[in-house]
Amino acid sequence: MIEDSLFTIENLNVWYRQKNRIVHALKDVTLKIPARKLTVIIGRSGSGKSTFLRTLNRVVEMYDAKISGKILYRGQDVFKMNPQILRSKVVMVLQRPIALPMSIYDNIAYPLKSIKKVKDKREIDRKVEEALKLANLWEEVKDRLHHPATQLSGGQIQRLAIARAIALDPEVLLLDEPTAHLDPESTRYIENTILKLKERVDIIFVTHSIEQARRLAEYVIYFEDGRVIEEGPAEEVLERPRTDRLRRFLSVFDREELERAVEV
Ligand code: ADP
Ligand code: MG
C-alpha cells in the first residue's frame, strides 16, 4: 500500500514547564498531513505553530517539555525511531537562522562532513553548488564562496540556511516563518525557492501572512490556542472557512495586511 499521509497525528499534547507554571502548548491535535503537498500552517502568535513543527522531528524533546500522543511519519512511529535518523530526514530551518562563523562554502560543507560524513572534496563541491542553486543564492555568492558568511544580508542568510538543510538531502523540510523579518524582494526570492524545492522535498511551512499562504499553500492547517481549528485543501480553508474562529482570523488579517500595504 502506498502511504499517502506524510504525518498522521493522534491526540498530540505538548506541555512546557515555564518558571512556575505549565503551559499547555498543543491540545489534542489530531490530523493527517498529506504527502507531496505544500502544507502551510497559519495562526496567531503563541498558537503553537513552532511547537508543532518542533514536535514532528522531536526537537521539542530538547526543551523542558512533556509530550503525549502519537505521530506516524510515513507509517512509522516517530517516538520509536532513532531521533538522529528522524532529524536527518525531517529537517527544520529556524525562524532566525544564523550564519555559522565560517565561509559561505563551509556553512554548507561543514554539516555535510560532520552529519553526512561526506569526505570526497569533489562531491562536497558539487553538493555545495547544487544546494546554493536550489536555494536561489548561487548567482549572488559564487564569486565569494570563501568569504565569511556573516557578511550576508538577512535574506541571504535565510537562503543559506535553506541551502544548508537541502544539502543534507532531507525528505521533509520544516520552515518556520522564513520570511518574517525580510523585505518584499527577499521574501519573493524565498517563495520562489520554496516553489522550486517542493518538487523534490515535502515542505511544511509556517507563515504569519495570509497573502503568503494564498500564494503558496496547497494544504492549510489553522491553529488557535494550541488546537487545530481547521485543516484541508487551501482553496477550501482559505476561501470557504467553516468556523467563525477562522473567518474572524482571516478578516482581521486581511485588514492588517491592507493597513500594512497602505503604510508602505
Ligand atoms: P507560535 O509559533 O504559534 O507563535 P509557539 O509554539 O512558539 O507558538 O508557542 C506556543 C505556546 O508555548 C506559547 O504559550 C509559548 O509561550 C509557549 N512556549 C513556546 N516555546 C516555549 C519554550 N521553549 N518554553 C516554554 N514555553 C514555550
Ligand atoms: Mg513561532
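Each residue of the stretch 224-236 was assigned a 3J(HN,Hα) from its phi angle through the Karplus curve 6.51 cos²θ - 1.76 cosθ + 1.60 (θ = phi - 60°); the sequence is 9, 6, x, 10, 7, 8, 9, 7, x, x, 3, 5, 6 Hz, with glycine and proline shown as x. Output the 0 to 90 degree angle, nearest 10, between the alpha-carbon long axis of helix 184-197 and the longest principal axis computed from the alpha carbons of the chain. Orientation of helix 184-197: about 90 degrees from the principal axis.
Relative to the longest principal axis of the Cα atoms of the chain, helix 154-167 runs at roughly 80 degrees.
When only alpha carbons of the stretch 169-261 are considered, Rg and Dmax amount to 13.7, 41 Å.
Annotation: the antiparallel percentage among DSSP beta bridges lying fully within the stretch 140-264 is about 55. Angle of helix 244-263 to the longest C-alpha principal axis of the chain, folded into 0 to 90 degrees and rounded to 10: 50°.
If you scale each eigenvalue of the Cα gyration tensor by 5 and take the root, what three semi-axes come out for the stretch 11-150, rounded to whole angstrom and sorted largest first?
Values: eigenvalues 227, 62, 48 Å².
Ellipsoid semi-axes (Å, largest first): 34, 18, 15.
Taking the Cα centre of the stretch 1-133 as origin and assigning +1 to Lys and Arg Cβ atoms and -1 to Asp and Glu Cβ atoms, the resulting dipole is close to 220 debye.
Shape summary: the chain maps onto an equivalent ellipsoid whose semi-axes, from the alpha-carbon gyration tensor, are 30, 23, 17 Å in decreasing order.
Throughout, read-outs are computed from the coordinates displayed, never taken from laboratory work. Source: prediction; values computed, not measured. Please note: Cβ atoms are built from the backbone with ideal geometry, for glycine as well, and neighbour counts cover all protein chains shown.
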